[in-house]
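Below: the structure, in structure tokens.
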Amino acid sequence: MSPTFYFAIVGTNDSPLYEAEFGVRRDENKHLNQFIAHAALDLVDDAQFMSNSCYLKTVDRYNEWNVSAYVTPSNVRLMLLHENKAEDSIKGFFTDCHELYLKTLLNPFYEPNAPIQAQAFDTKVQALARKYLL
Amino acid sequence: MSADSRTTARLMSALSLDGGNAVEGRQISESALEFLLPELVNTVISTTVETKRIAARLSLGLDPEEEPQEDTTDDSTRSDSTTMASGWTELPEDSEVLEQVYVKLETIGFRVGRRLAERYAPVNRRLTDTLDIVKFVCKDMWMVLFNRQVDNLKTNHRGIYVLQDNKFKWFLRMSSNHGGAAAARRAQPYTWLPCGIIRGVLDSFGVNAVVSPETLGLPQCTFQIKVVSNE
Amino acid sequence: MAKQYRSIGEEVWKNKVEKVNAELFIFTYGSLVVQLIKDYEDYHSVNKQLDKLGYNIGVRLIDDILSRTNLEKCKDMRETAEVISKIGFRMFLNIAPSVSAWSADSKEFSLILDDNPLNDFCELPPRAVQGGLWYSNVLCGVVRGALEMVGLLVKVEFVRDVVRGDEVSEIRVRLEKVLDEEVPVGDD
């Protein structure tokens, strides 16, 4: 069975800006995924005090899930739920997603902390998931 | 090439990023910015006056477009701004309009600050302490904005920080032509934009603050940051 | 001719211009456009304001160009077009749009902007494209204002822009009238 991933970008006000699932979709789990990612936010806060790096590796575990996090300098959190450990590829995925987010933010028409609805953004994130994760 | 892939290619070339690290980007002439700023201020003033007039006429049930008298006032504002050699505009007397001009310029600055912060924030050194964040404004941000650092930073260690720039760049061209209180008044809007930028940068790092300017004599300028407790 | 202006433009950019990071300029302009859209809720009014802003820049900026270059008066529109591109755009934005698509009467040409700093981070929302926004319309106003100061009344407008999904960005410039006292065409 191919692995499943849940990815979310969480704004500075703790609201989700973007969500996606990669691999085998298990839609019935979506709310659980959101819950797990949200619950891990506090642990991200703790972990970032211990680290000077954006990539915080695995910050939480829940059943079969690992929760990895990446925090941008202005405290936008990238959260990934994954089953297998693969730190290097997850780091690569986060770094490229950060760059995509930065491009979105620098667009004068984007309001910070607003949901990212552009189809192009989703397409690019899906492509990064195929490149690094699947 | 599809429109989307063109956009991507364009953005990729604009944004030479290395894992979030901003590298030396595109350069333009400093005078491009020096020409833009006064006209930006003029535009915000004149559009605020105009939209207020349109709103007033709409509320009276009148056609906002048909008012020949206003057109002449609009033209005179415009020729004012173009005939003055330095390009500085007189501020509107209407305090309500002036307040709106302040809010708009501050908002424009805030949006700029949010972007600059994420663009230039260090990725290998996390800024969590407010003093560190303020220092980032004084050093790194001021370099991006004005090619210099602030001259002096004072704090009472209770949430108030005062940044002092003795040669505030956006005042330099101004102070030679005009002096005294009139110049200080005319200079005001040029501090509202950086106030917004500072607030935007601080906000990016989760620091909620009020930023206010003070000018004792051009070209000196201070910015007071008052941290607002989130609790 | 084009080559001579190219080297003047490059010389000015290299030695006579204080250079700064472009992003403050780019972000500030973008935030202004967004603010104007909020104010007017109508993209044509925004285009008009951006053009007007540019015009006010153009009428002042021409002195800056002339004082840094010792340029002679241009003898025709073809020279004028080269100066706009190779010196004007180069001096301020460090770009040199190509000049093309001349009309038969040599009064009308296009500036093709392969690289426009204002567009760097811009992705127009679909409603702005549909509403007819010309994001960089300030540039049209600048050209119009600057040429008016040397006695050339021109009509300047964007006809295509990559941020609207077009293949290239193109500004069309048309000479409408030459003001008598300046006589830049057929000078002597």
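The values are calculated or read from the model by the stated rules, or taken from the named source; none is laboratory data. On a predicted model such as this, the values are computed, not experimentally measured, just so you know. Every residue, glycine among them, receives a Cβ derived from its backbone with ideal geometry; neighbour counts consider all protein chains shown.
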Which number in (1) over 19 Å from C:L153 (Cα atoms); (2) out of contact with any Lys or Arg (no Cβ under 8 Å at 6 or more places or on another chain) marks the one condition that C:A81 misses? (1)
Answer from B:L127, B:L172 - the residue that is of a type outside the set (K, R) and within 28 Å of B:E90 (Cα to Cα): B:L172
For segment A:3-43, give me each residue that is of a type in the set (V, I, T) and more than 14 Å from the chain's Cα centre (by Cα). A:V24
Taking B:P189, is it surrounded by 23 or more Cβ atoms within 10 Å (Cβ to Cβ) and either more than 17 Å from B:R158 (Cβ to Cβ) or of a type outside the set (F, W, Y) (or both)? yes
Of the residues that sit in segment C:1-41 and are surrounded by fewer than 20 Cβ atoms within 10 Å (Cβ to Cβ) and of a type in the set (S, T, Y), which one is farthest from C:S67 (Cα to Cα)? C:Y40
Does at least one position in segment C:168-183 carry a residue that is within 14 Å of chain B (Cβ to nearest Cβ) and of a type outside the set (S, T, Y)? yes
Determine if segment C:120-133 includes at least one residue that is at pLDDT 95 or above, within 14 Å of chain B (Cβ to nearest Cβ) and surrounded by fewer than 20 Cβ atoms within 10 Å (Cβ to Cβ). yes
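Where in segment B:1-112 are there helices (runs of 4 or more DSSP H), lying fully within it, with 2 or more residues that are closer than 20 Å to C:L139 by Cα and at pLDDT below 90?
B:3-14, B:68-83
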Could you tell me whether any residue of segment A:55-62 is closer than 29 Å to C:Y29 by Cα and more than 12 Å from the chain's Cα centre (by Cα)? no
So for segment C:100-116 (the condition being over 12 Å from the mean Cα position of the chain (by Cα), closer than 29 Å to B:E30 by Cβ and modelled with pLDDT under 95), does at least one residue qualify? yes
In segment C:63-90, anything within 14 Å of chain B (Cβ to nearest Cβ) and over 12 Å from the mean Cα position of the chain (by Cα) is listed as C:D63, C:D64, C:I65, C:L66, C:S67, C:R68, C:T69
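Within segment A:111-134, take every residue that is small (G, A, S) and touching a Gly at 6+ places or on another chain (Cβ under 9 Å) and give me the one that is surrounded by the most Cβ atoms within 10 Å (Cβ to Cβ).
The selected residue is A:A129.
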If a residue must be facing another protein chain (nearest Cβ under 8 Å), more than 16 Å from C:D120 (Cβ to Cβ) and not charged (D, E, K, R), how many such residues does segment C:11-27 contain? 2
Just wondering, is there one or more residues in segment A:85-100 that are within 14 Å of chain C (Cβ to nearest Cβ) and free of Cβ contacts under 8 Å to residues at least 40 places away in the same chain? yes
C:I112 vs (1) crowded, with 21+ Cβ neighbours inside 10 Å; (2) hydrophobic (A, V, I, L, M, F, W, C); (3) more than 11 Å from chain B (Cβ to nearest Cβ): all pass except (1)
Exactly one condition in (1) of a type in the set (D, E, K, R); (2) within 14 Å of chain C (Cβ to nearest Cβ); (3) surrounded by 15 or more Cβ atoms within 10 Å (Cβ to Cβ) is not met by A:R77; state its number. (2)
In this structure, does A:D46 turn out to be modelled with pLDDT of 85 or more, within 26 Å of B:L202 (Cα to Cα) and more than 11 Å from the chain's Cα centre (by Cα)? no
Please determine whether any residue of segment A:41-58 is touching a residue at least 12 places away in the same chain (Cβ under 8 Å), outside any strand (DSSP E or B) and polar (S, T, N, Q). yes
State all residues of segment A:101-129 that are in a helix (DSSP H, G or I) and without any contact (Cβ under 8 Å) to a residue 40 or more places away in the chain; if no residue qualifies, say none. A:L102, A:K103, A:T104, A:L105, A:L106, A:Q119, A:A120, A:T123, A:K124, A:A127, A:L128
Check whether at least one residue in segment C:81-94 is out of contact with any Cys (no Cβ under 6 Å at 6 or more places or on another chain), of a type outside the set (V, I, T) and surrounded by fewer than 17 Cβ atoms within 10 Å (Cβ to Cβ), and report yes or no. no
